Amino acid sequence: MSQRARYIVGVDLGGTNIVVGAMPEDGSREIAFRSQPTHAAQGADLVVERMIQMIEDVITVVIAETGATRADFLGVGVGAPGPLDRALGMVITAPNLGWKMFPLRERIQSATGLQTTLDNDANCATLGEWFTGAARGAKNVIGVTIGTGIGGGIIIDGKLFHGSSDVAGEIGHMTIDSTGRRCGCGNYGCLEAYASGTAIAERAREALASEVDGVLFRMCGGDLTKITAQMVYKAATDADPVAVDVVRETARFLGAGIGALLNVLNPDVVVLAGGVVNAGEALFGPLKAEVRRRAFAPAVDACRIVPGELGGSAGVVGAIAGFKAQTGITSA
C-alpha cells in the first residue's frame, strides 16, 4: 500500500510581496502558489496576519485538490530578509520592513500549530534552485540574487552554509572597489553598489544625463527618474548603446565578484536569479568572459554559470527545502 503524501508550506517574505505555496516533501510539484503585496508600512502585526491567512488559504486549497488532511502537513518554512537569528527564530533587523528583533517563527508557529523554520530569503532562493531548479544535482553551489540589492547563498557538500553567526552569503557586500561608490550598508565599493537593480538604473541615469535620444531615453519618456533595471535590459536587447554599455559594465562588476568566489569556493554551479536573467546573453556572455579572465582555469572549467529557472517561486521552494534540512526530514 502506498504511503500518504506529506506536504510542506513555504513562505517568501519580501519588502514588496509575500509569496506562499506548498509542495509535497519530495518537491515534485508546486501547489497553490499565490502572491500578495506586503504593505510593510501597515506594521509587523498586520503583515504577519496576512502571512498566516495566506498559509491557511494554501492549506485549504491543497486539502481540496489532493484529499490531504491537516495532519499531512509537516510544517512551514519561512524565508525572510535578515540578518536573522535562526536559533531564536528572530528577525534581528529588516530595514525594508521596519522590523527589529521580531519573533517571526514563534508568531507563525503559534498561530498555525505547525512546526516552523526560518532562514534568510536569499539563502532560500539559492536552496530552491538547488532543490528543483537550475542547480539541482550539484554539490557545491553559489547563488546570487539580484534585485533592489544583491543577496546570495552558499551550498557546500549539499548543505546550506550559514557561517558562525548566520551571515554567510552576503555576496552583495563584497568590496570590488575600496574607494568606490557608497553602498546602502555604509561601506564603499560593494558589489551591490554597482550591480544591483537599483545601481544599474542609477548608472544608466548618469550615462543618459547628456543624452536626448536613443531607445532607453524614449522608453522612459525622457524622464530619467523612471528608468529601471528592466528597462536597461530591454533597451540593451534593442541595441541601445547606453544600455549596452551599462549591461556590459555590470557584467564586468559581477564577473569580478564571481571570479573571486570561484577561486575561494570552487563551486559546480553559480546561479544568478532575479530580473537580471532577462538581460540574457548580453549580460551572461561578457560576465563569463570576465570570470575566465579572473579565476583559475580549473575553477572555471568545473563551474556552470547559469540563470535561475524558478523565477518568483525560488524563495518559496527554498523555504520548503530549508524546512526539510533544518528538521532533518527525509522524503519517504
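Just so you know, all these numbers are worked out from the coordinates, no wet-lab data involved. Everything numeric here is computed off the predicted structure, so don't read it as measured data. Counting neighbours? That spans all protein chains shown, and the Cβs are built from the backbone with ideal geometry, glycine included.
Relative to the longest principal axis of the Cα atoms of the chain, helix 281-294 runs at roughly 80 degrees. If you run the Gaussian network model on the chain, springs between alpha carbon atoms under 10 Å, then out of Cys190, Cys124, Cys303 the most flexible one is Cys303. Near Ala94, within a Cβ-to-Cβ distance under 11 Å, what is the net charge of the other residues, with Lys and Arg +1 and Asp and Glu -1? Here the charged neighbours net out to 0.
Computed extension length for Glu249-Arg293: 14.4 nm, one decimal, from 0.36 nm per residue of separation with the Cα-Cα distance subtracted. Counting Lys +1, Arg +1, Asp -1, Glu -1, what net charge surrounds Pro241 among other residues with beta carbon under 12 Å of its beta carbon? Charge balance in the 12 Å sphere: -4.
For the chain, the convex hull drawn through the C-alpha positions has a volume of 143 cubic angstrom per residue. Charged neighbours of Val306, selected by a Cβ distance under 13 Å, balance to -1 (K, R count +1; D, E count -1). Of the trypsin sites (Lys or Arg not before Pro) in region 90-139, the ones in a loop by DSSP (not H, G, I, E or B) with at most 15 other beta carbons within 10 Å are Arg136, Lys139. By the count of neighbouring beta-carbon atoms within 10 Å, fewest first, Glu56, Glu309 end up ordered Glu56, Glu309.
Each label was represented as a point 7 Å from its Cα along the Cα-to-Cβ direction; for Ser210 and Tyr188 these points are 2.5 nm apart. In order along region 63-80, the Karplus-derived 3J(HN,Hα) couplings, from 6.51 cos²θ - 1.76 cosθ + 1.60 at θ = phi - 60°, round to 4, 5, 7, 10, x, 5, 10, 4, 5, 7, 9, 6, x, 10, x, 10, x, 9 Hz, and Gly and Pro are given as x.
Estimated at 0.36 nm per residue, the fully extended path between Lys139 and Arg181 surpasses their Cα-Cα distance by 11.6 nm. Amide hydrogen proximity for Trp99: with H placed 1.01 Å from N in the peptide plane, the residues at 5 or more positions away or on another chain lying under 5 Å are Ala94. How would region 226-300 be classified by its alpha-carbon gyration tensor: rounded, prolate or oblate, with rounded meaning a/c under 1.5 and the a/b versus b/c comparison settling the rest? Prolate.
Shape of region 91-234 from its Cα gyration tensor (a ≥ b ≥ c, root eigenvalues): rounded if a/c is under 1.5, otherwise prolate when a/b > b/c, or oblate?
prolate
The eigenvalues of the Cα gyration tensor, multiplied by 5 and square-rooted, give region 19-95 an equivalent ellipsoid with semi-axes of 25, 15, 11 Å from largest to smallest. One chain, two ends: Glu49 and Thr93. Fully extended at 0.36 nm per residue, the span grows by 13.9 nm beyond their Cα-Cα distance.
Among rounded, prolate and oblate, which fits region 1-159 when a ≥ b ≥ c are the square roots of the eigenvalues of its C-alpha gyration tensor, a/c under 1.5 means rounded, and a/b larger than b/c means prolate?
Oblate.
Considering only Gly197, Gly14, Gly98, the Gaussian network model of the chain with Cα springs below 10 Å gives its largest mean-square fluctuation to Gly98. Under 5 Å from the amide H of Ile176 lie the amide H atoms of Cys190, Leu191, each residue being 5 or more positions distant or on a separate chain, with H modelled from the backbone and absent for Pro and chain starts.
When the chain is treated as a Gaussian network with alpha carbon springs shorter than 10 Å, the biggest mean-square fluctuation among Gly89, Gly259, Gly163 belongs to Gly163.
With R₀ set to 41 Å, the beta-carbon distance separating Ala71 from Met101 gives a calculated FRET efficiency near 0.75. For the residue pairs Lys159/Lys288; Lys139/Lys288; Lys234/Lys288; Lys226/Lys288, alpha carbon separations beyond 28 Å are given by Lys226/Lys288. Within region 101-124, find all residues whose amide N lies under 16 Å from a label point positioned 7 Å from the Cα of Asp85 along Cα-to-beta-carbon. The answer is 101-107, 118-120, whose backbone nitrogens lie closer than 16 Å to the label point. When shorter helices are ignored and each DSSP H run of at least 4 residues is given -39500 (n - 2.57), the per-residue value for the chain at 222 nm works out to -12500 deg cm²/dmol. Calculated over region 138-309, the projected area of the Cα convex hull averaged across directions stands at 10.1 nm².
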